[in-house]
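One structure, pasted below without further comment.
Read-outs throughout are calculated quantities, based only on the coordinates presented, and are distinct from any laboratory measurement. It should be emphasised that the depicted structure is a prediction, and the values quoted were computed from it without experimental measurement. So basically every Cβ, Gly included, is an ideal-geometry build from the backbone, and we count neighbours across all protein chains shown.
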Amino acid sequence: MSMATTCKIHEKILIAVIFATSAMISFATGQIPVKGEIILKTGFETEKERAAWTMSPYATWDAGFKSRHSIRITVSEGNEKGMHAVRMPLDIEKYRSCKLSFSCKARAENVTKPPFTWLGVKAMLHIKSKNSAPIWINENNIYGTFDWKALEFMVAIPGDAESAELSLGLQDSSGTVRFDDLYIEVLRSPLPPIPAPIKDPPPVFKGHSLPRLRGVMSPNSFHEDDIRVLGRKWNANLIRWQITRNWGKSGTDRNLEEYEQWINSKIKELDSVLDSCLRHGIKVVIDLHSPPGGRYENKDMAMFFEKEYQDYFVKLWENIAVRFKDHKAVWGYDLVNEPTQTKPSPDGVEDFLGTQLLAARAIRKIDPDVPIFISPDQWGSPDAFKELRPIPVSNIIYQVHYYMPHRYTHQGVHSKWEPVSYPGEISGVKWDSDQIRKILQPVRDFQIAFNTHIYVGEFSAVRWAPGAPDYLRDCIEIFEEYDWDWSYHAFREWEGWSLEHTGEPGKTQRSETPTDRFQVIADWFQKNISPKQ
């Protein structure tokens, strides 16, 4: 049987699984929530609407947004600490496994900046579940003085959700805030449940015939000697080549004429990268790390909300596919690096997954064979696989990024370094290989249920993290057990992730002897087989 025939069979199986399992959904009410169904709509205009809320000593009713009523919370200076809010329970069980959208109007005067971004003005939904972790969700980084504006978020309701509560107020801030026009609706009907494993499934599509691809995330720019060292000395057979700039910044990459000049220069560089990797026995994942439109301040990607960037994104991937589809060094096309979307897309614009689907379909008209990597929401996190379902496109590989617990992997990266050790208790949780396995379980469930291949595009621990060699070893042993290809973050990029530097935070020179972290990775690289280009 040819690879093309196998892929078509695999695609048909995925589609059949999706549609078959949709019939399995049932609710005690006998009615399935549908997109657009209104769950709550209130402007506090009637006595009944106002009576539904448990009031706070800091709350009162006031004039609203183009109406007679709003809820006003005023907290004086010196009384900031704590949550000062009105509350209302929300019957959530009917909406298990749905995705909901929340919006309200808010106006603030002199709300002080809170100690953390998730504090301050709070229009929050708190969800408790039988087994799933509790959820607290609201739009972050809201404080200061502003006229009436919309606050929004969307949330996936766990399948075992038992109760929910709405809160409107201030937390750890002083000042005044008003709320009006609260609106909650169903954004997506319940997902079909994860099905049982397929009986006698076809071989999993990997896009290569090697036992494993093991490698690294790339430097920010091309140097021939880096590729030589990686392939010839380290024996890595994979690199995720990041096309990147402005990482961590917001409001960038919005001028498409300027963006095109930059991206064309990086694509030209990619010619050299691929030729070098071909010489040195390394497969390449083409990673569009910095998308057109960039990210907003809340880290949402602009192309999930603004059609001009979405259209440009699809066209860009068409151009990349035309240019590189026949290059023997290419393993696959990594469409979106760490997608994030906290608010609904407007009409006429696809969301994070729909955007990837548009690009994947466009690529398949040009290149039917080369793997395409799809990433879930929430920065490509393991938990987001609970909300992911396969897309109806052939030769797809699903990508996860793993940096958990973040307090451990990123200690001292964004704030003053306070040592956190692994294995051990971190934020009240015992972290060891069993806990890593538990966090990765949604990815494993997805892999088995849909007979798909998984690629760990990024994982790491900052080099000064106590116990980093043990952490990396535990991660990789699980990846290997699950038959996942993987790339360590990162090779000759920022020295904080460097395997060639010791664990001393201030050290800027590469070590003359192999570090213990390097040895963990190198031991696995020695098992690699070079691709037959």
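Rounded to the nearest 5, what is the percent of antiparallel bridges among the DSSP beta bridges in segment 357-461?
Values: 3 of 11 bridges.
Rounded to the nearest five, the antiparallel share is 25 percent.
Starting from the Cα gyration tensor of the chain, take the square roots of the eigenvalues, sort them a ≥ b ≥ c, and report rounded, prolate or oblate (rounded when a/c is under 1.5, otherwise prolate if a/b is larger than b/c, else oblate). Present the calculation step by step, with values, prior to reporting the outcome.
Working: a/c = 1.82, a/b = 1.51, b/c = 1.20.
Prolate shape, in that a/c is at least 1.5 and a/b is the bigger ratio.
Within segment 283-382, list the GluC sites (Glu not before Pro) lying in a DSSP loop whose Cβ has at most 11 other Cβ atoms in a 10 Å radius.
Working: sites: Glu297, Glu306, Glu308, Glu318, Glu350; in loops: Glu297, Glu306, Glu350.
Sparse-neighbourhood loop GluC sites (Glu not before Pro): Glu297.
Right, something else. If we count other beta carbons within 10 Å of each Cβ, what is the order of Tyr471, Tyr312, fewest first? Walk me through the numbers on the way to the answer.
Working: Tyr471 25, Tyr312 19.
The most exposed by this proxy come first: Tyr312, Tyr471.
Roughly how tilted is helix 256-279, in degrees to the nearest 10 and between 0 and 90, from the longest Cα axis of the chain?
In the chain, helix 256-279 runs at an angle near 30 degrees to the longest axis.
Right, here's the next one. Does segment 94-157 come out rounded, prolate or oblate, given a ≥ b ≥ c as the square roots of the eigenvalues of its C-alpha gyration tensor, rounded meaning a/c under 1.5 and, failing that, prolate meaning a/b above b/c? Each step should come with its number before you reach the end.
Numbers: a/c = 3.88, a/b = 1.84, b/c = 2.11.
Taking the square roots of the gyration eigenvalues as a ≥ b ≥ c, segment 94-157 is oblate.
Would you report the distance distribution of C-alpha pairs in segment 436-530 as whole percents per 5 angstrom bin, up to the bin with the largest distance?
That works out to 2, 12, 23, 23, 16, 12, 7, 3, 1, 0, in percent per bin.
Quick one: give the max-minus-min coordinate of the C-alpha atoms of segment 38-188 along each principal axis, largest first, in Å.
Reported extents, whole Å, longest axis first: 41, 35, 24.
I want to verify the translational diffusion coefficient of segment 332-436 in µm²/s; compute it with Stokes-Einstein, Rh as the Kirkwood radius over Cα pairs, at 37 °C and 0.692 mPa s. Don't skip to the end; give the middle numbers.
Values: Rh = 16.1 Å.
So the translational diffusion coefficient is about 204 µm²/s.
If you don't mind, another one. Given +1 on the Cβ of Lys and Arg, -1 on the Cβ of Asp and Glu, and no further charges, what dipole in debye does the chain carry about its Cα centre, rounded to the nearest 20? Walk me through the intermediate numbers first.
Values: 65 positive and 70 negative charges, 122 e Å.
With only Lys, Arg, Asp and Glu charged at Cβ, the dipole is about 580 debye.
Further question: Could you sort 257-263, 481-487 so that the peptide with the highest average Cβ count within 10 Å comes first and the rest follow in order? Show your work: numbers first, answer last.
Numbers: 257-263: 13.9, 481-487: 19.1.
Those peptides, ordered most packed to least, come out 481-487, 257-263.
Of Gly248, Gln171, Val273, which is farthest on the positive side of the dipole of segment 151-287, counting Cα position, with +1 on Lys and Arg Cβ, -1 on Asp and Glu Cβ, and the Cα centre as origin?
Positive-most Cα among the choices belongs to Val273.
Then there is this: Using a 10 Å cut-off around each Cβ, can you sort Arg295, Arg240, Arg364 from fewest to most neighbouring Cβ atoms?
Details: Arg295 22, Arg240 30, Arg364 17.
Going from least to most buried by this count: Arg364, Arg295, Arg240.
Have a look at the DSSP beta bridges in the chain and tell me what percent are antiparallel, nearest 5. Walk me through the numbers before you get to the answer.
Numbers: 59 of 88 bridges.
The antiparallel proportion sits near 65 percent.
Taking every pair of alpha-carbon atoms in segment 144-269, give the share separated by more than 26 Å as a whole percent. It would help to have the intermediate numbers written out before the result.
Numbers: 5120 of 7875 pairs.
Here the tail beyond 26 Å accounts for 65 percent of pairs.
Here is a further query. Of Lys206/Lys266; Lys48/Lys386; Lys307/Lys386; Lys35/Lys128; Lys48/Lys307; Lys94/Lys438, which pairs sit farther than 31 Å apart, going by alpha carbon to alpha carbon? Don't jump to the answer; show the numbers that get you there.
Values: Lys206/Lys266 27 Å; Lys48/Lys386 38 Å; Lys307/Lys386 27 Å; Lys35/Lys128 23 Å; Lys48/Lys307 41 Å; Lys94/Lys438 28 Å.
Among Lys206/Lys266; Lys48/Lys386; Lys307/Lys386; Lys35/Lys128; Lys48/Lys307; Lys94/Lys438, the Cα-Cα distance tops 31 Å for Lys48/Lys386; Lys48/Lys307.
May I ask for the angle, rounded to the nearest 10°, between helix 307-324 and the longest principal axis of the chain, with both axes built from Cα atoms and the value confined to 0 to 90°?
The angle comes out at about 10 degrees.
With 5 Å bins from zero, work out the P(r) of segment 47-94 over every alpha carbon pair and list the percent per bin.
5, 17, 23, 22, 16, 11, 5, 1, 0
Okay, moving on. Which order results if Ile529, Ile194 are arranged by neighbouring Cβ count within 10 Å, fewest first?
On the way: Ile529 13, Ile194 18.
If I rank by nearby Cβ atoms, fewest first, I get Ile529, Ile194.
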